[in-house]
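Structure first, commentary second.
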Amino acid sequence: MKRIRLLAMLLLFAGFSGLSVAQEFTNYISCKVDGKEYKAEARRLKIPVRGFEYLAIASFQVSPDVQVWIRLYYFSDSLKPGTYQIFDENDLESESKKKADMARVWALVDYTEETKGLGHAFHDGESLSGTVTIEKITPSSVEGSFEATLRGVYYKKRAVATMTGSGIKANLERKAFTKAGAGMLVNAGPHDHDNTRKSDETDTIVLSEGRFFVDWSKPEKEEQE
C-alpha cells in the first residue's frame, strides 16, 4: 500500500509540476541513432565515484524508454573546451592508472532503448569509440557535440519475472517515477535493467551528428538531479 500511495503522489506531482517531457527542451541531447532522429530532455547527473572528477549528463524519454548518457572523467581541477576520445568502459580503470598526463579526459557515451512490451527487453549501446567535443563550458553549463560508435548488446526478459508479473510491476513503477520528473534517479547506470539477462547477441550502434546543451544553474534543476 505504501508503494501504491507513493506512485499516486508521484503521478500527481507530475501532473501539476509540468515536469513531463515536452517537445522542445532548453537542456537536451540530440543525435541520429543509426540514422534515426533522436532528441530528449537532458540533465546533469550526480554519480558516486572516487578517484576522479567528472561531468555526467543524460537524456531520457519514456514509453518507449530511450536514453543517451555522456560521462567525462578527469584528474585536473576543471574541464576545458576540446575534443576528447571515447573509451570502452572496460578499459577505463587500466587507462586511468596512466597518470602521466594529468590533463587527460576519458569520455564515455552510452545508449539504451526499450524494445518490447513493458520494458523487459532492451537494445543497448556500450561505450566503445568516437569523440566528444566540448565547445563551451562554465561552472554551471556545458555545450558541445559528439560522434560515437557503440557495442550493441541485448537484454532479454527473465522467464520468472514474466510469469510472476514482478517485471511488469517494477517497470511501471520506474516509468511513473521518471514521468514525475525524477529522471535518471531510477537507474544506477545506463545499462541497469532489472528482471533481464544479457544475451550473447551483439551488433553495432552508431550515434552521429550528436549535440548537447545542459544548464544546471537554476535551483529547481539541482533538486531534480
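State which residue is most open to solvent (accessible area, probe 1.4 Å) when the search covers only the range 204-225 and only residues that are at pLDDT 95 or above and closer than 14 Å to residue 42 by Cα. Can you show your working first?
Taking the range 204-225 as the starting set, the residues that turn out to be at pLDDT 95 or above are 204-215.
Next, from what is left, pick out any that are closer than 14 Å to residue 42 by Cα: 210-215.
Values: 210: 2, 211: 71, 212: 3, 213: 53, 214: 2, 215: 44 Å².
Here the residue is 211.
Count, please, the residues in the range 55-74 that happen to be farther than 16 Å from residue 125 by Cβ and surrounded by fewer than 17 Cβ atoms within 10 Å (Cβ to Cβ). Give the steps one after another, and end with the answer.
From the range 55-74, those farther than 16 Å from residue 125 by Cβ are 55-57, 62-63, 72-74; that's our starting set.
Applying the additional criterion that residues be surrounded by fewer than 17 Cβ atoms within 10 Å (Cβ to Cβ) yields 63.
The number of residues fulfilling the criteria is 1.
Within the range 80-102, residues that are under 22 Å from residue 190 (Cβ atoms) and assigned to a loop (DSSP other than H, G, I, E, B) have Cβ atoms under 6 Å from residues that are at pLDDT 75 or above and not β-branched (Val, Ile, Thr) in these pairs: 87/106; 88/128, counting only partners at least 6 apart in sequence or on another chain.
For every residue, the table says whether it meets (1) outside any strand (DSSP E or B); (2) more than 12 Å from the chain's Cα centre (by Cα).
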{"residue": "29", "(1), (2)": "no, no"}
{"residue": "39", "(1), (2)": "no, yes"}
{"residue": "42", "(1), (2)": "no, no"}
{"residue": "49", "(1), (2)": "yes, yes"}
{"residue": "69", "(1), (2)": "no, no"}
{"residue": "73", "(1), (2)": "no, yes"}
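Could you pull out the residue among 188, 182, 170 that is at pLDDT below 80 and farther than 25 Å from residue 33 by Cβ? Spell out the reasoning first.
Numbers: 188 fails: farther than 25 Å from residue 33 by Cβ; 182 fails: farther than 25 Å from residue 33 by Cβ.
None of the others qualify; the one that does is 170.
Scanning the range 86-137 for residues that are at pLDDT 95 or above and either touching a Cys at 6+ places or on another chain (Cβ under 6 Å) or open to solvent by 60 Å² or more (accessible area, probe 1.4 Å) (or both) yields 128, 135, 136.
The values are calculated or read from the model by the stated rules, or taken from the named source; none is laboratory data. This is a predicted model, so every value here is computed, not measured. As a convention, Cβ positions derive from the backbone with ideal geometry for all residues, glycine included, and neighbour counts pool all protein chains shown. With ligands, DNA and RNA removed, areas are computed over all heavy atoms of the protein, side chains included. Shrake-Rupley method; radii C 1.70, N 1.55, O 1.52, S 1.80 Å.
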